[in-house]
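For reference, the structure discussed in these notes is given below.
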Amino acid sequence: MATRQSVTECLDNCSNTYDFAQSQYTEGRKQEHYNDTEYSKAQQMLEDAVNECNALSLSANDQQKEQLYRMRIQLQQLQNEMILLDH
């Protein structure tokens with residue numbers, strides 16, 4: 001079973017990743033192709049965070065699964081927006 005601490009750490013990590021990726025998405029919309037390295041790094045970080053949520057949800061209780069699911073959906077929405085951006 002996932003501990004409360006491990007879920008909290010995961011959600012904090014995902015939140016930080018989301019904030020970083022959101023800033024890179026915003027910069028990518030402004031600068032087009034000038035920030036490819038950081039943009040790609042943000043996309044990889046999003047993918048890693050989604051995978052972390054999925055892995056942790058396998059051993060989580062129902063409330064934790066709901067929190068992880070909501071975070072995963074938020075991350076995937078940003079991930080999709082970054083993919084669709086003509087960058």
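Arrange T8, T37 by Cβ neighbour counts within 10 Å, fewest through most, would you?
T37, T8
With respect to the chain, whose longest principal axis is taken over its alpha-carbon atoms, helix 4-31 is tilted by about 10°.
For the chain, the longest principal axis of the Cα atoms and the long axis of helix 62-84 meet at an angle of about 10 degrees.
Its alpha carbons considered, the chain gives a radius of gyration followed by a Dmax of 13.9, 44 Å. Taking the chain as a Gaussian network of alpha-carbon nodes connected by springs under 10 Å, the highest mean-square fluctuation of the residues Q44, Q63, Q22 belongs to Q63. Relative to the dominant Cα principal axis of the chain, helix 36-57 is inclined by about 10°.
Readers should treat all values here as calculations from the given coordinates under stated rules, not as data from a laboratory. A quick note: this is a predicted structure, and the numbers were derived from the prediction, not measured. Because the Cβ atoms are built from the backbone with ideal geometry, glycine has one as well, and the counts that use them run over all protein chains shown.
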